[in-house]
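J.: Before I ask anything, let me first share the structure, which is written out below as structure tokens.
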Amino acid sequence: MQFYLDGYHPGDPELRPAAEGRPDSQGAMPEEVDVLVVGTGPAGVVLAAQLAEFPGITTRVVERREGPLALGQADGVACRTVEMFNAFGLAERLVREGYWVNETVFWRPDDQDRSRIVRSGRVQDVADGLSEYPHVIVNQARMQDYLLEHMRKSPSRLEPDYGLEVTGVEVEGSGDYPVRVTMRRTDAENPSEEVTVRAKYVVGCDGARSAVRRSMGLELRGDARNHAWGVADVLAVTDFPDVRFKAAIQSAQDGNILLIPREGGYLIRLYVDLGDLDPADREARQRFTSDMIIEAAQRILHPYTLEVKDIAWWSVYEVGQRIADRFDDVVPEERGRRTPRVFIAGDACHTHSAKAGQGMNVSMQDGFNLGWKLAAVLEGRSPESLLDTYSGERHAVAKELIDFDIRWSKTVSSRPKDPNRPDDEGLEPAELERQFVEAGRFTAGFATDYTPSMITGEDTRLPAGRTVPFPGRIRRLSGPALHARRSRRRCHF
Ligand SMILES: Cc1cc2nc3c(=O)[nH]c(=O)nc-3n(C[C@H](O)[C@H](O)[C@H](O)COP(=O)(O)OP(=O)(O)OC[C@H]3O[C@@H](n4cnc5c(N)ncnc54)[C@H](O)[C@@H]3O)c2cc1C
């Protein structure tokens with residue numbers, strides 16, 4: 001962590017002095033803003049935390065909820081995301097609070113008695129030398145809290161405007177603030193009151209049902225999987241010996257569990273395979289209960305017992321692999337002839353299963369990728385055409401993730417091979433382990449490899465950060481850094 005560059009000041013060094021002319025709280029929503037960020041999920045808070053570093057840029061963040069997320073959703077933090085948090089000076093905190101995923105264990109049916117599970121393997125989770133940071137598990141809400149606090153303590157004193165739901169986004173003409181955003185108040189005091197803001201740029205980080213994406217006439221294309229996974233964060237008493245290891249557990253007849261130990265030493269997350277859903281039955285997901293998730297987990301863990309004492313959060317998760325055609329408002333025939341004004345990031349432009357733990361990570365990387373570009377353009381350091389690189393770079397990453405997720409979901413949902421029935425279909429346990437290890441670099445967040453563009457060079461020398469030697473090996477990074485003075489390396493996502 002670095003501080004006092006702009007002079008010594010007493011007290012909390014993370015609370016940086018407010019920029020000149022900036023009051024300690026940000027005040028009412030102005031009529032015009034440079035950037036309007038819609039949504040405070042992982043994509044929105046990373047983007048906003050970056051923009052908060054630039055008090056000369058007027059950024060506002062709107063969120064339809066009444067306050068920050070408190071519970072649930074994603075929890076896997078890839079090493080590359082911890083590196084990103086280092087750029088915000090937040091990595092140590094994350095690493096101190098998180099559960100470290102150092103090893104992953106594999107369990108499969110016992111060949112002698114297929115009703116029982118036995119441990120079949122143990123692998124190192126992150127290959128040596130991949131990152132100086134571990135793969136950690138921390139609740140999404142906590143990750144977001146760190147970034148929200150960072151925004152509040154930044155020279156911009158940026159805070160989200162809660163209780164505001166975006167209902168429409170229109171690009172009107174070519175003035176300084178060409179985007180008109182219509183919002184509705186969702187708080188009890190001003191129900192349904194309409195608010196309008198004009199912006200230079202709008203970023204829809206508003207999740208899978210994005211209103212911003214809809215306003216651009218875009219939809220997510222792809223397949224619904226019609227396969228349900230129950231997810232529950234529980235405190236439990238169990239004699240399962242690997243309860244404090246990340247464990248992929250395959251039973252013979254009752255499906256699979258992915259067990260993730262959580263931060264704090266006691267809580268565990270169970271992703272439990274609940275099987276295929278009837279595509280014609282739209283209510284099927286709503287009929288699952290937390291008891292059904294726990295009972296399925298108890299069957300899969302046999303002969304071990306699981307006595308659940310408390311369920312902190314649960315949900316039934318059924319996500320198809322879907323992607324938007326592009327991540328900004330410029331249609332292909334206009335590309336290069338006009339500046340993108342509206343962008344989408346995170347689940348608003350790509351959704352996939354939770355099985356590879358990528359949703360939060362890739363969403364944050366989208367936000368990071370766009371943040372420094374918007375700042376560079378708005379501060380006049382880069383041409384507007386820089387903004388065209390966002391959609392191209394991140395669309396390719398999302399497409400790769402979706403292709404990977406389709407393969408990986410199939411693998412982890414496969415039945416284990418029964419040696420007594422060699423002709424039956426099934427996956428050899430060793431094959432699951434092999435694929436897990438092979439995918440390690442990708443799931444840790446180090447397989448991003450942007451194609452040559454105005455900011456990424458050919459692979460022939462050290463271009464805009466694409467390959468950087470890292471203790472004894474090559475690291476694939478790209479582009480300039482936002483916080484070069486804070487970060488040990490130059491990178492962009
Ligand atoms: C219920 C649920 C459970 C999940 N469980 C898991 C899990 O178990 N494991 C896992 O790896 N991933 C899980 N995910 C996925 C993971 O959380 C997402 O991939 C990640 O949160 C995507 O981040 P995001 O910022 O793109 O969107 P989100 O996190 O969805 O955030 C979008 C934000 O925008 C706000 N918003 C939406 N519309 C508007 C609007 N019109 N105006 C203003 N604000 C708006 C929302 O309130 C929300 O705060 C889950 C997601 C959901 C929704």
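The values are calculated or read from the model by the stated rules, or taken from the named source; none is laboratory data. If you're wondering where the values come from, they're calculated on a predicted model, not measured in any experiment. Positions of Cβ are generated from backbone atoms using ideal geometry, with glycine treated the same way; all protein chains shown enter the neighbour counts.
J.: Looking only at strands (runs of 3 or more DSSP E) that lie completely in segment 155-269, which have at least 2 residues being at pLDDT 95 or above? Spell out the reasoning first.
T.: Working: elements: 164-171, 179-185, 194-204, 221-223, 227-238, 246-250, 256-261.
Of the strands (runs of 3 or more DSSP E) lying wholly inside segment 155-269, those with at least 2 residues that are at pLDDT 95 or above span 164-171, 179-185, 194-204, 227-238, 246-250, 256-261.
J.: Take the residues of segment 57-97 that are among the polar types (S, T, N, Q) and more than 24 Å from Tyr201 (Cα to Cα): which is modelled with the lowest pLDDT?
T.: Within segment 57-97, the first condition is being among the polar types (S, T, N, Q), and the residues that meet it are 58-59, 73, 81, 86.
When the remaining residues are screened for being more than 24 Å from Tyr201 (Cα to Cα), the result is 73, 81, 86.
Values: Gln73: 87, Thr81: 95, Asn86: 94.
Checked segment 57-97; the qualifying residue modelled with the lowest pLDDT is Gln73.
J.: Okay, next question. Among Gln50, Gln73, Gln112, which is the only one that is away from the ligand (no atom under 16 Å from the Cβ) and either within 29 Å of Glu20 (Cα to Cα) or not hydroxyl-bearing (Ser, Thr, Tyr) (or both)?
T.: Working: Gln50 fails: away from the ligand (no atom under 16 Å from the Cβ); Gln73 fails: away from the ligand (no atom under 16 Å from the Cβ).
Exactly one residue qualifies, and that residue is Gln112.
J.: Taking only segment 205-252 into account, find how many residues are within 16 Å of the ligand (Cβ to nearest atom), of a type in the set (D, E, K, R) and touching a strand residue (DSSP E or B) at 6+ places or on another chain (Cβ under 6 Å).
T.: Residues in segment 205-252 being within 16 Å of the ligand (Cβ to nearest atom), of a type in the set (D, E, K, R) and touching a strand residue (DSSP E or B) at 6+ places or on another chain (Cβ under 6 Å): 4 in total.
J.: I'd like to verify a number: residues in segment 361-395 that are in contact (Cβ under 8 Å) with a residue 40 or more places away in the chain, touching a Phe, Trp or Tyr at 6+ places or on another chain (Cβ under 7 Å) and more than 16 Å from the ligand (Cβ to nearest atom), how many?
T.: Total meeting the criteria: 4.
J.: Output yes when any residue across segment 321-330 is on the phi > 0 side of the Ramachandran plot, within 16 Å of the ligand (Cβ to nearest atom) and surrounded by 17 or more Cβ atoms within 10 Å (Cβ to Cβ), and no when none is.
T.: At the first step, the residues of segment 321-330 found to be on the phi > 0 side of the Ramachandran plot are none.
So far as segment 321-330 goes, no, none of its residues is on the phi > 0 side of the Ramachandran plot, within 16 Å of the ligand (Cβ to nearest atom) and surrounded by 17 or more Cβ atoms within 10 Å (Cβ to Cβ).
J.: Looking only at helices (runs of 4 or more DSSP H) that lie completely in segment 369-487, which have at least 1 residues being more than 30 Å from Gln253 (Cα to Cα), at pLDDT 80 or above and not small (Gly, Ala, Ser)? Walk me through it before giving the result.
T.: Values: elements: 388-413, 429-438, 440-443.
Per the criteria, 388-413, 440-443.
J.: Moving to a separate point now. Restrict the check to segment 390-407 and report whether at least one residue is basic (Lys, Arg) and surrounded by fewer than 21 Cβ atoms within 10 Å (Cβ to Cβ). Spell out the reasoning first.
T.: First, pick out the residues of segment 390-407 that are basic (Lys, Arg): 394, 399, 407.
Now restrict to residues that are surrounded by fewer than 21 Cβ atoms within 10 Å (Cβ to Cβ): 399, 407.
Checked segment 390-407: at least one residue is basic (Lys, Arg) and surrounded by fewer than 21 Cβ atoms within 10 Å (Cβ to Cβ).
J.: Whether any residue in segment 172-187 is of a type in the set (D, E, K, R) and under 25 Å from Phe368 (Cβ atoms) is what I want to check. Please lay out each step first, then the result.
T.: Within segment 172-187, the subset of a type in the set (D, E, K, R) is 172, 176, 180, 184-185, 187.
From the residues that got through so far, the ones that are under 25 Å from Phe368 (Cβ atoms) too are none.
No.
J.: Same structure again: Do you know which residues across segment 326-345 are more than 22 Å from Val166 (Cβ to Cβ) and among the small types (Gly, Ala, Ser)? Reasoning before the result, please.
T.: Residues of segment 326-345 more than 22 Å from Val166 (Cβ to Cβ): 332-338.
Listed by number, the list holds a single entry, Gly336.
J.: Going by the conditions given, is Asp329 of a type in the set (D, E, K, R) and within 18 Å of Ala48 (Cβ to Cβ)?
T.: On the way: of a type in the set (D, E, K, R): yes; within 18 Å of Ala48 (Cβ to Cβ): no.
So Asp329 fails the test.
J.: What is the number of the single condition among (1) touching a Gly at 6+ places or on another chain (Cβ under 9 Å); (2) more than 26 Å from Asn369 (Cα to Cα) that Arg213 does not meet?
T.: Condition (2) is where Arg213 drops out.
J.: Here is a further query. Hey, any hits in segment 339-362 for a residue that's in a loop (DSSP other than H, G, I, E, B) and surrounded by fewer than 17 Cβ atoms within 10 Å (Cβ to Cβ)?
T.: Looking through segment 339-362, none of the residues is in a loop (DSSP other than H, G, I, E, B) and surrounded by fewer than 17 Cβ atoms within 10 Å (Cβ to Cβ).
J.: Can you find a residue in segment 325-334 that is in contact (Cβ under 8 Å) with a residue 40 or more places away in the chain and in a helix (DSSP H, G or I)? Quick ask: steps written out before the conclusion?
T.: Our first condition is that a residue be in contact (Cβ under 8 Å) with a residue 40 or more places away in the chain; within segment 325-334, this holds for 325-330.
The next check asks that each one be in a helix (DSSP H, G or I); those that pass are none.
Looking for residues that are in contact (Cβ under 8 Å) with a residue 40 or more places away in the chain and in a helix (DSSP H, G or I), one finds none in segment 325-334, hence no.
J.: Scanning segment 306-320 for residues that are surrounded by fewer than 18 Cβ atoms within 10 Å (Cβ to Cβ) and more than 16 Å from the ligand (Cβ to nearest atom), which turns out nearest to Val237 (Cα to Cα)?
T.: Only one residue fits best here, namely Glu307.
J.: Can you pull out the residues in segment 260-284 that are within 16 Å of the ligand (Cβ to nearest atom), over 11 Å from Gly230 (Cβ atoms) and touching a helix residue (DSSP H, G or I) at 6+ places or on another chain (Cβ under 9 Å)?
T.: Glu263
J.: Continuing with the same structure: All but one of (1) within 16 Å of the ligand (Cβ to nearest atom); (2) buried (at least 20 other Cβ atoms within 10 Å of the Cβ); (3) outside the structural domain of Lys355 (by TED's automatic domain parsing) hold for Leu301; state the number of the condition that does not hold.
T.: (1)
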